[in-house]
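Participant: Submitted below is the structure of interest, expressed as structure tokens.
Please treat every number below as a calculation from the coordinates, not as lab data. Bear in mind that the values here come from a model prediction, so they are computed numbers and not experimental data. Ideal geometry is used to build each Cβ from the backbone, glycine not excepted, and the neighbour counts take in all protein chains shown.
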Amino acid sequence: MKSRPVNPWVAVCVGAGLLLGGSGCKKKQPEETAAPKPKPAVLIGSVRLEPGRELPSFTPEAMERTVLAHTKGGTFPEVCTPPKIEDRQPVRLTADGKLSGVMLAASEFSKASEASPQVHTLTIRDCRLSPPLITARIGDSLHIVNETPFPMLPGMGTEPFNETLIQGQARDVKLDVGGVKIVSCGFSSPCGRSDVVVLAHPYHAVTNDKGEFRIEDFPADQTVRINAWHPLFFETFLNVRVERGEEKRVELVLTPKPPPEPPKPRPKPAPGEVVPD
């Protein structure tokens, strides 16, 4: 019976195994490749003004903050350009009828994804706050910087920061509580207003100069409510479902709120009657 020739590679492996007390040579296993991550869902779209409607405006009173009950708001210093009607129209209309400066926010989804805290910059330039609308998540920070060559006293809501900002100075504010907060200035000079909306999730955006928005990593494979909002408009919404890996486009239409009624004149006090401010 003829003996079969021994493969020299096998002989070397067996010898190495005997000398080293191991099992000899092992076959190289193919490397496992990680499964590709599924593509996220993305929601894109635009917001339009209801046909036949005009852009709404804030009242002059809504554009400045009274720091003390017995004082009126400040006046624009000479270093700033005088107020214009456009200052009271934070939402702009594009040539094709879309609205710039409107918030989009999701609701009625199963679970919010994790996100790192973000810093949102609010600038006082030419005695005007910019941008007029900011969306943030609880835990984010607001960085307020004054670029106007005039001291400004900004405040958020009914609480002043109690710190005047001269040109080049900044202040950071932690956004720990959800809700809509109005940032404005008073006492020394008004600076318009900026609405800061603080949410408990990262699924939000503001329409850009073209009236369009994009929300990355949108809640996938479920029906979600997407809301369009601005304080000068009636809120509207629609339900949308975006599959994982899909990019879906939607469009919402906003209707302006009617202007507020002018304040009624105070009745004349009777002789000797003291009327509080």
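Participant: Tell me, in nm to one decimal, what length is gained between S110 and D176 on full extension, where the rule is 0.36 nm per residue of separation less the Cα-Cα distance? Kindly include the intermediate steps, with their values, before the conclusion.
Facilitator: Values: separation 66, 0.36 × 66 = 23.76 nm, distance 2.25 nm.
Result: 21.5 nm gained on full extension.
Participant: Enter the mean projected area of the convex hull around the alpha-carbon atoms of the range 168-265, in nm², rounded to one decimal.
Facilitator: 10.4
Participant: If packing is taken as the average count of other Cβ atoms within 10 Å, what order do 202-208, 143-149 fall into, highest mean first? Provide the component values of the computation, followed by the final result.
Facilitator: Numbers: 202-208: 20.3, 143-149: 17.9.
Ranked from most to least packed, the peptides come out as 202-208, 143-149.
Participant: Need the full-extension length gain, I44 to E216, defined as separation in residues times 0.36 nm minus the C-alpha distance. One decimal, nm.
Facilitator: On the way: separation 172, 0.36 × 172 = 61.92 nm, distance 0.85 nm.
The I44-E216 span can extend by a further 61.1 nm.
Participant: Same structure again: For the pairs K39/K210; K84/K210; K111/K181; K37/K174, note any where the Cα-Cα span goes beyond 32 Å. Numbers along the way, then the final one.
Facilitator: Working: K39/K210 26 Å; K84/K210 22 Å; K111/K181 25 Å; K37/K174 34 Å.
Long pairs (Cα-Cα over 32 Å): K37/K174.
Participant: Using each residue's phi in the range 224-239, evaluate 6.51 cos²θ - 1.76 cosθ + 1.60 at θ = phi - 60° and report the 3J(HN,Hα) Karplus result to the nearest Hz, with x for Gly and Pro.
Facilitator: In residue order, the calculated couplings are 10, 8, 10, 10, 10, 8, 7, x, 8, 10, 6, 5, 9, 7, 8, 9 Hz.
Participant: Once the piece of chain linking E261 and A95 is laid out straight, how much longer is it, given 0.36 nm per residue of separation minus the C-alpha distance between them?
Facilitator: Details: separation 166, 0.36 × 166 = 59.76 nm, distance 3.03 nm.
Difference between extended and current length: 56.7 nm.
Participant: Next question. With the Cα gyration tensor of the range 213-261 giving a ≥ b ≥ c as the square roots of its eigenvalues, does the rule (a/c under 1.5 for rounded; else a/b larger than b/c for prolate; else oblate) give rounded, prolate or oblate?
Facilitator: Numbers: a/c = 3.52, a/b = 3.04, b/c = 1.16.
Prolate.
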